[in-house]
Amino acid sequence: MLVAIVIIILVVASLVFHFASPWWFTPLASNWSSIDDTINITFWVTGIVFVLVNCFLAYAVFRYRFNKNKRADYEPENKKLETWLTLITTIGVAAMLAPGLFVWGQFVNVPEDADVFEAVGQQWHWSYRLPGQDGVLGQTAVELISEKNPFGINPEDANGLDDILIFSNEMHVPIDQPVKVLMRSKDVLHNFAVPQFRVKMDLVPGLVSYLWFTPTKLGRYEILCEELCGMAHYTMRGHIVVETRENYNLWLAKQTTFAQTLQPPEYDLVKGKALFAACSACHGSEGEGNEAMNAPQLASQPAWYMKRQLKYYQQGVRGSHKNDQYGQQMAAMSATLADDKAIDDVLAYIATLEGQAEKAGTGGDLAKGKVLYRNCSYCHGNNGEGKFALNAPKLTSLQPWYLKRQLTNYQQSIRGAHPKDLYGSQMILMSRLLQNEQALDDVVAYIRSLAPGGALTSKLPGKGHALQPVKVSAGE
Amino acid sequence: MTSYTAIADQVDDSPHPGSFFTKYIWSQDHKVIAIQYSITAIGVGLVALVLSGLMRLQLGFPDTFSFIDPAAYLQFVTMHGMIMVIYLLTALLLGGFGNYLIPLMVGARDMVFPFLNMLSYWTYLLAVLVLLASFFVTGGPTGAGWTLYPPQTILPGTPGNDGGIILMLASLAIFIIAFTMGGLNYVTTILQARAKGMTLMRMPLTIWGIFIATILGLLAFPALLVSAIMMVLDKVIGTSFFMPALLSLGESLDYTGGSPVLFQHLFWFFGHPEVYIVALPAFGMVSDVLATHARKNIFGYRMMVWAIVAIGGLSFIVWAHHMYVSGMNPYFGFFFATTTLIIAVPTALKVYNWVLTLWRGNIHMTVPMMFAIGFIFTFTHGGLTGLFLGNVVVDLPLSDTYFVVAHFHMVMGVSPIMVLFAAIYHWYPKITGRFLHTGLGKAHFWFTFLGTYAIYLPMHYLGFLGVPRRYFAMGPTEFIPDSAQVLNANITISAIIVGVVQLIFIYNVIWSLFKGKKAGDNPWDATTLEWQTQTTPPGHGNWGKNLPVVYRWAYDYSVPGVKADFIPQNMPDSEVEKLAAEPDLPRGDNVVPLKEKPAGEDKS
């Protein structure tokens, strides 16, 4: 009796939950309304079966509950009934399968007028490539991937030279234009999924997979990796911006081709030195940084990272948050660099500097810090050396107080939350693994111990209490 | 009369138990081995249960537990999944119940290879120990997800990519050896050692389910074995079976030419039949529980048998429905979607037949019956959501989301476990001679049944929303409303409650062993042979001097013209005639109160 009532309650509750649920598909932003239709058909068929079977179950349990004055029926088989049930089930299944296969046929066959772009996945970033003027993507090979050629394009292949490279987690597409996405992975399995577009596909190293869609709604949509790709899988996000043809063309015009990236960079050390004069007021004449001025060490930080940050400062991506007072100062100062050329010049000069800041201790626990640092090490390297391939800056050149402040800023979304900050959202997620100040101190202390002269420095200026000297082998 | 063999006719000359040691430890008695299997499986299952609790804590309350970092989270997920699927469900259903029930239900004295049977358990135990050892190696157990997809499984960036993964693969290989020894035994015993008169079409559905599941296992596990070996070679000596030319965290590696998709094909060639290796024994056992406690024959027995056989066969040609978005040739989608939806037909028929078995029955709402009815509900739910994922184009938005997690937990987590509980409450009196406590059993049922639905119903909707599985945390994600976190917290609370409630069950099992109500030989008035033994628990050799002879199918409940509402399989017609009732009892809907109490129903 009770069991029957509960089953009816569960059926009703399931229906109520279903119709009242605010958790439902995100509004569709592509041509794949046919997928939604198939889902609806499936919902109706399965929903009816769910209700009927369980109501029948509840009724049977109630009606034929134990009665000592009754006996069960004896009916081993009922051919007619079984045949009918088989038929009805087959019809129901066919009603779902037929539209499903029809729509799959559409998904498999890409329209001939579709544009093409390539999505490249790696742990734990996205980048993209467009075929350029000739409409043909150049050949690629994993062996060719390097810091100068992150896409691994064959420089001998003429088709590749005009390929347009998007060094960013964010891709743009024009509205109402079918687009075929070719997919390639540099390392492990990934998955290109945009919930609003409904379609998704794995990226597999060693082969090229594809999907296609026509974006139908302007907006900026999140790309999620949905195939487990290691520790930081959950931070592997990108964006896709659907915009008007005009805006798309403006965006496209600003992108660089493979041929352009092959040009050796031009810079002028003399001009760079002159420009650096403004920087040196805070960052020191040798780029060694200055805690009193809240200035991090610049020397020995790779140029690609500082270039990205300088542009972020200039564009208000970094240093625009109201609680980021030191960032605001830097944003103002970054305006003194008039253009990309000026940035290249000053960075070229900084690359010649060898200043080293005192890496004052923060009193953390090295053993605990080492455990925590494991999460950092995948991108920033086992020795905090930073990795271009993972867009991760060098940590050991940075002073502990600076590291701690930036980690705190990330945790509080003071840094990294700007939609144009490509890798900031990743650091926001990762920084939250350090759940209290002690954890921050521990991991910063460990990074400091990795720095040249870090833990082995006997001189401990300023505040902070002395650490026990700890031997850290360089190769660790 | 079909083939019964000399083996079944043998006088009981198997080595009789001697000391405690040979009786309970190095025992070759299938019943002792079954209990060893069961206790080990439930023990390691509890570890997996705790892991799921830890993982739910992170999902329900992110940024709260500092000891759970992304690596640890992935390790919990991976070990939870692998333990539950292989080391708990497969081992408990086949190693536990298969071992206990096969000889008893087919009327044999033991498995045909008792020594091999014993070896199977000890090898299984070794596999469990190797698996658990991976918690204690540097880097911890593997965190590659239970599917162990290369390349990431063996590369830095994935937790446990050194010792952890090697121990995992070694443990799987050892498990497969153990399973093969057990499986060959089960198949041979069913084919060769059935009692006189036990034709195949008289076998209880439990045996049919276990029989076909074992055949599936024998055919499917080798695919996992070879992929485990190939992956170990890739990892240890640098072959490239599954490894194409690739980078790892920016560094170039020496691999070239391998295919990650090949692994997925091998894995799911094993992995999909594995679903039915778990499901078919459950289908069989629940059929017998339903028939016994509804006092009615299973409806459409022959169709049930053929459905089991058809599902078993079809399960080998649907595997790539796990790979619709894997990057394999998308044209495969047409084929695998079609086969997958075809398999829904025999499966649906089984559900109908269970419900129709209850129809016009006389349902005793015992604890096993409650779990069996709970199973029909959860399996219907889980089966229907499978139609979403099997239909290739509907899989596109739902693949790799929480919808998948909710679906497979309903269909191959909760449902088989409902049956396992039904089976334990049902057969415990035979195994121990005592009933489990009914009140505790009912409390256990309600919390487990309602609690698991409270976990998994909402989880489907996280999937519709697009929340990906295997994410340590969502963080700020534009399309996901804050309310999703409320849902997640509620799911976690339900999960913790369900987890803790299992202590009631454990307590009940231990308490009832000593204090439970005495049961007698056939407390449920069941027809099948295991209830017709002369002693309970059955002694070594099961049947005393004479093996049973089978005269009828397994479902002669409430046969017209017979006073008792069940006729045991080993009761000859001559004796049945003596039971003829005068007049027959009212049936179905025509209730006529009788003054005389019908026999056989006073024990319920």
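Taken together, the values in this text are just the output of simple stated rules run on the coordinates, not laboratory data. Note that this is a predicted model, so its numbers are computed, not measured. Heads up, the Cβs are rebuilt from the backbone with ideal geometry, glycines too, and the neighbour counts pull from every protein chain shown.
Our Cα-only numbers for the stretch B:329-407 put the radius of gyration and Dmax at 16.1, 53 Å.
Basic side chains Lys and Arg get +1 at the Cβ, acidic Asp and Glu get -1 at the Cβ, and with that the dipole of the stretch A:36-169 about its Cα centre reaches some 1920 debye. Under the simplified labelling scheme, the A:S285-B:S252 pair shows an inter-label distance of 4.4 nm, with each label point 7 Å from Cα along Cα→Cβ.
By how many nm would the segment from A:R63 to A:N109 grow when fully extended, if each residue of separation counts as 0.36 nm and the alpha-carbon distance is taken off?
Length gained, A:R63 through A:N109: 11.2 nm.
Please report Rg over Rh for the stretch B:149-228, where both radii come from the alpha carbon positions and Rh follows the Kirkwood definition.
With Rh from the inverse mean 1/r over Cα pairs, Rg/Rh is 1.21.
So, in Å, what gap is there between the alpha-carbon centers of the stretch B:328-362 and the stretch B:206-260? If you average the Cα positions of each part, the centres end up 29 Å apart. The aspartates and glutamates within cross-link reach of B:K350, meaning a Cα-to-Cα straight distance under 14 Å and a gap of 8 or more places when in the same chain, are A:E77, A:E82, B:D288. Ellipsoid semi-axes for the stretch A:281-353, based on the Cα gyration tensor and the rule √(5λ), read 19, 16, 10 Å when sorted largest first.
Rounded to the nearest 20 debye, the dipole magnitude of the stretch B:491-552 is 140 debye, with +1 charges on Lys and Arg beta carbons, -1 on Asp and Glu beta carbons, and the Cα centre as origin.
Taken along its principal axes, the alpha carbon cloud of the stretch A:115-262 reaches lengths of 39, 39, 20 Å, longest axis first. Among A:M1, A:M201, A:Q435, which residue has its Cα positioned farthest towards the positive end of the charge dipole of chain A, with +1 placed on the Cβ of Lys and Arg, -1 on the Cβ of Asp and Glu, and the dipole taken about the Cα centre? The one lying farthest along the dipole's positive direction is A:M1.
With contacts taken as Cα pairs under 8 Å at a separation of at least 6 residues, chain A carries a relative contact order of 12 percent.
Projecting the Cα atoms of B:A473, B:H409, B:I431 onto the dipole axis of the stretch B:365-482, where Lys and Arg carry +1 and Asp and Glu carry -1 at the beta carbon, places B:I431 farthest toward the positive end.
For the stretch A:246-396, the residue among A:W251, A:G289, A:F276 whose Cα projects farthest onto the positive side of the dipole built from Cβ charges is A:W251.
Note on chain B: helix-only mean residue ellipticity at 222 nm, from DSSP H runs of 4+ residues weighted -39500 (n - 2.57) and normalised by residue number, equals -19000 deg cm²/dmol. Annotation: extensible slack from A:K420 through A:V270 equals 50.8 nm (criterion: 0.36 nm per residue apart, minus Cα-Cα distance).
Normalised by the number of residues in the stretch A:262-404, the mean separation of alpha-carbon contacts (under 8 Å, six or more apart) gives a relative contact order of 29 percent. Projected label points at A:Q177 and B:I510, each 7 Å from Cα along the beta carbon direction, are separated by 6.9 nanometres.
Taking all pairs of different Cα atoms in chain A, averaging 1/r and flipping that mean, what Kirkwood radius in angstroms comes out? One over the average 1/r among Cα pairs gives 26.7 Å for chain A. Note on A:A259 and B:T535: their simple-model spin labels are 9.3 nm apart, each label 7 Å out from Cα toward Cβ.
For the stretch A:310-333 versus the stretch B:433-455, the inter-centroid distance based on Cα atoms is 60 Å. Could you compute the FRET efficiency for B:V309 and B:Q192, with r as their C-beta to C-beta distance and R0 at 22 Å, rounded to 0.05? E between B:V309 and B:Q192, to the nearest 0.05, is 0.70.
Reported value for the stretch B:437-522: 120 Å³ per residue, from the convex hull of its C-alpha atoms. Scalar couplings 3J(HN,Hα) for the stretch A:286-291, obtained by applying the Karplus form with A = 6.51, B = -1.76, C = 1.60 to θ = phi - 60°, are 9, x, 8, x, 7, 4 Hz; x denotes Gly and Pro. Counting only aspartates and glutamates at least 8 places from A:K186 when in the same chain, those with an alpha carbon closer than 13 Å to its own are A:E118, A:E143, A:D202, B:E251. In the distance distribution for the protein assembly as shown, Cα-Cα pairs more than 46 Å apart total 38 percent. A simple rule links phi to the HN-Hα coupling: the Karplus curve 6.51 cos²θ - 1.76 cosθ + 1.60 with θ = phi - 60°, which for the stretch B:417-433 gives 6, 4, 5, 4, 5, 3, 5, 5, 5, 6, 9, 3, x, 6, 6, 10, x Hz, with x for Gly and Pro.
Legend: Rg and Dmax of chain B, from Cα coordinates, 24.7, 86 Å. Extent along the principal axes, Cα only, for the stretch B:284-328: 51, 18, 11 Å, with the longest axis given first.
Panel order for B:D395, B:D69, by other beta carbons found within 10 Å of each beta carbon, from fewest to most: B:D69, B:D395.
Whole-percent P(r), the stretch B:381-474, all Cα pairs, 5 Å bins from 0: 3, 13, 19, 19, 13, 11, 8, 7, 5, 2, 0. How big, in percent, is the set of alpha carbon pairs in the stretch B:46-158 lying more than 15 Å apart? For the stretch B:46-158, the share of Cα pairs beyond 15 Å comes to 71 percent. Taking amide H atoms as placed 1.01 Å from N in the peptide plane, the amide H of B:F299 lies under 5 Å from those of B:T357, each 5 or more residues away in sequence or on another chain. If the cut-off is 19 Å between C-alpha atoms, which lysines fall inside it for B:K517, apart from same-chain ones fewer than 8 positions away? Within reach: B:K430, B:K442, B:K603.
Pairs over the 28 Å Cα-Cα cut-off, from the set B:K296/B:K515; A:K180/B:K235; A:K368/A:K394; A:K341/A:K404: B:K296/B:K515; A:K180/B:K235; A:K341/A:K404. If R0 is 41 Å, the Cβ-Cβ spacing of B:I497 and A:A141 corresponds to a FRET efficiency of close to 0.15. The stretch between A:C55 and A:E354 holds 99.8 nm of extra length on full extension. This uses 0.36 nm per residue minus the Cα-Cα distance.
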